[in-house]
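Trainee: Following this message is one structure expressed as structure tokens.
What follows is calculated from the coordinates using simple rules that are stated; it is not laboratory data. Note that the structure is a prediction, hence the values are computed from the model and not measured. A quick note on method: Cβ atoms are made from the backbone with ideal geometry, for glycine too, and the neighbour counts reach across all protein chains shown.
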Amino acid sequence: MDVTGRVIKLFDELVAEGEAIKQKCKKLYFSGQKKDISPELFSEWKIKCLSLLKSTFGSSSPQFDSFANAKFFDYYNATQVFLGILKAASLDVKKGYFFHKDLMLSVNIYDSLLGRARRYIANQRLRKAEAILEAVLREVLSKICLNKKIPFEQDDGIAALAETLLKAEIIPETVKNELLALQERFLQSNASAGELTAANDWILNFLNDYLGGQILILN
């Protein structure tokens with residue numbers, strides 16, 4: 001799972017959108033219509049930029065602060081200033097200057113452990129793979145609770161954590177049921193290689209959807 005690549009792609013998309021807005025503004029600017037571009041179009045782009053900067057670096061970061069507090073001129077010059085900040089922030093991401101380093105590190109560690117479980121499955125060391133999958137899933141659920149500031153007990157198992165996240169409306173009933181099925185499979189400790197491979201794939205997707213994505217949407 002290439003988290004950094006996903007973030008860079010989002011920055012690239014917003015830069016491209018901003019360049020298009022800048023060209024529209026440029027035509028209006030030099031024709032004397034400095035503020036005739038659609039305010040909705042400009043505001044929507046600006047808000048998306050602020051959201052990405054905040055979720056990637058945090059609200060106290062210089063990347064977010066410089067964008068949020070940039071002096072607004074006309075749309076054309078403002079867009080140029082915002083694009084400069086956005087491009088610099090994108091370069092920071094490429095160099096690894098993430099604000100949420102702990103979360104990104106956790107995601108990469110879990111992804112690495114799932115890779116190890118796949119190797120154990122391939123070598124028919126199924127119980128070792130099963131232990132890794134169970135531990136990773138519980139840690140991922142705990143991490144989601146921490147990120148969302150949802151109270152939970154440190155010794156909560158998969159079922160309890162799933163119920164907590166359901167009540168907090170973080171996961172739907174279908175996901176909770178899948179989590180309970182996985183816990184039951186782990187408790188029985190007799191899953192086949194095929195079942196463990198399927199469980200590994202499901203946990204990886206869950207990790208991507210409910211934790212990896214948090215790097216992009218944390219407030």
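Trainee: Using a 10 Å cut-off around each Cβ, can you sort Phe57, Phe72 from fewest to most neighbouring Cβ atoms?
Mentor: Phe72, Phe57
Trainee: If you rank Cys49, Cys145 by fewest surrounding Cβ atoms within 10 Å, what's the result?
Mentor: Result, fewest neighbours first: Cys145, Cys49.
Trainee: Could you tell me which of the pairs Lys54/Lys148; Lys26/Lys46; Lys27/Lys94; Lys54/Lys176; Lys48/Lys94 are separated by over 25 angstrom between their Cα atoms in the structure shown?
Mentor: Over 25 Å Cα-Cα: Lys27/Lys94; Lys54/Lys176.
Trainee: Let me ask another. Order by neighbour count: Ile150, Ile121, fewest other Cβ atoms within 10 Å first, most last.
Mentor: The order, fewest Cβ neighbours first, is Ile150, Ile121.
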